[in-house]
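Colleague: Sharing a structure below in structure tokens format, with a few things to ask.
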Number of protein chains: 2
Amino acid sequence: MIQTNPTILERQSSNLANGTRSSMAEPRRQRLSPDERRQQIFTHAQRLFNERPYEEVSTTEIAAEAGVARGLINHYFGNKRELYLEVIRISSTVSELVVATLPNGSLEERIDIAMVWFLDSLAQSGSTWLTLGSGGVSRDPELERILVASENKSIELLVVACGLATQSENKEQIRAMFRAYAQLARSGAREWLLRKTLTREQLSMLLVSTLRAIVEEAVPARNSRR
Amino acid sequence: MIQTNPTILERQSSNLANGTRSSMAEPRRQRLSPDERRQQIFTHAQRLFNERPYEEVSTTEIAAEAGVARGLINHYFGNKRELYLEVIRISSTVSELVVATLPNGSLEERIDIAMVWFLDSLAQSGSTWLTLGSGGVSRDPELERILVASENKSIELLVVACGLATQSENKEQIRAMFRAYAQLARSGAREWLLRKTLTREQLSMLLVSTLRAIVEEAVPARNSRR
DNA sequence: TCAACTATTGACATGGTGTCAATAGTGCTG
DNA sequence: CAGCACTATTGACACCATGTCAATAGTTGA
């Protein structure tokens, strides 16, 4: 366990702490409504899990930061893994809020619009989504399920934007290619937002040109199956 | 800890076991040369780490499978993490063995050839490389370093194949785009080899068309930077 | 044959996680 | 307002995984 700050183990009584700690004896136990307490723990867990990977964040630390007994985490969330999954569940659904109604128009136009929407929602949601390793890694099956479900929604949206939704045959192939494309997009977004090696325009150009190539060249290749 | 087979905790005396276990008392301790013992532990660790993710494989299990005391793992490898990194280090360098000398020719031809080489080496190395989550996740810095180094080699090769090696300006942008492309390739390979949702031809078409799009459209967009 | 060497072991200490009975705020009721 | 039921919260306990290290037992050479 990494102990960066020696003061984090102190009791911190959230935001409704009375400043007169020395004069007035504050209650040794703070009793909140389950919703409040749950939210409080969740907030601190969310922050810590965004700072460091799962294994390096201990429930002891989360409890200390939230100023509660460690057992309370288990009481509200079952176990550490479930708490983590809840954090991920929130992070991965941020970008789903924006469900753009796509206008009619040429493929070019719709791709452009979808890309603007994608980049905008990314710029807002920040780096949370980027650091998730949703790449079919053999990690946690439940974690996998959550990330895949979230990704599927985005992909379905993209399929619609490209006018391939009506394509009844080769459904699976199209989805597979778009899943691969989603990884390009994710990685590209990482280059843009985290590593800052690409400008937004460059990333946009990358995403648009490759997506057009997929729709116009790779997808029509459905006749090349055996 | 997952205990699938109740017999794995038994002593298994590697491959040089004498069959007369009941009659001849085999030595309670088997003393091997450090190289042999190290290799033996490594082999079992490699198998287990390929079957299940890091956290779900305990050193107790590795030691049991190898038929040695758990302390020996620390003696030879320091700690569990270093053992794991050594496994990864081997897995990620498999595909580097094939260093193709690229012929001259049109961009189209060279991309085709590079892609055949890429898919061939993938088909051989199997799923080990695919399940690695090398996506800039904030995991282990050392793990990150290893995977990035391995990936960089592949990317450099691809840059040469595309005839962009001499491009002195926008070096970083080109590399960034190719890193993103590598994720598309990795994900596509996963669809081909693991999920079997794409045929080799379809994947090849996907990779070739998108790569051509990047080289011809995205990369020349270097003048669009601010 | 014996002794130095060292590969190997097993007990110990540490730290993280989950469980659960005991405890102490809180609000209701007479 | 006192007392009581309810339950949010605690802290001690058991369990498991990891790392350390002194003791032990094969092995090799004199």
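The values are calculated or read from the model by the stated rules, or taken from the named source; none is laboratory data. Predicted model, so just to flag it, every value in this text is computed and none were measured. As a convention, Cβ positions derive from the backbone with ideal geometry for all residues, glycine included, and neighbour counts pool all protein chains shown. Note: areas computed on protein heavy atoms with side chains; ligands, DNA, RNA excluded. Shrake-Rupley method; radii C 1.70, N 1.55, O 1.52, S 1.80 Å.
Colleague: With the crude spin-label approximation of a point 7 Å out along Cα→Cβ, what separation in nm comes out for A:Glu156 versus B:Val160?
Modeller: Here the answer is 4.6 nm between the modelled labels.
Colleague: Check cross-link reach from B:Lys171 to the aspartates and glutamates: straight Cα distance under 12 Å, and skip same-chain residues fewer than eight apart.
Modeller: B:Lys171 reaches B:Glu156.
Colleague: Let me ask another. Got the B:Glu216 label distances to the other copies yet, label 7 Å along Cα→Cβ, in nm, shortest first?
Modeller: 0.8
Colleague: Right, next: Taking a cut-off of 16 Å between Cα atoms, list the aspartates and glutamates near A:Lys153, but don't count ones fewer than 8 places away on the same chain.
Modeller: Result set, ordered by chain and number: A:Glu96, A:Glu144, A:Glu172.
Colleague: Moving on to the next point. Report, for B:Glu109, each distance to the same residue's label point in the other copies, shortest first and in nm; define the point 7 Å along Cα→Cβ.
Modeller: Here the equivalent label points are 4.3 nm apart from this one.
Colleague: Sort shortest first the distances from A:Arg195 to its counterpart in every other copy, using label points 7 Å along the Cα-to-beta-carbon line, and give them in nm.
Modeller: 2.3
Colleague: Keeping all protein chains in position, work out how much accessible area A:Asp112 exposes to a 1.4 Å probe, and write it in Å² to the nearest 10.
Modeller: Only protein atoms counted, so the area is about 70 Å².
Colleague: Sticking with this one: Which whole number gives the average, over all residues in A:186-197, of C-beta atoms from other chains lying within 10 Å of the residue C-beta?
Modeller: Taking the mean over all residues of the peptide, I get 5.
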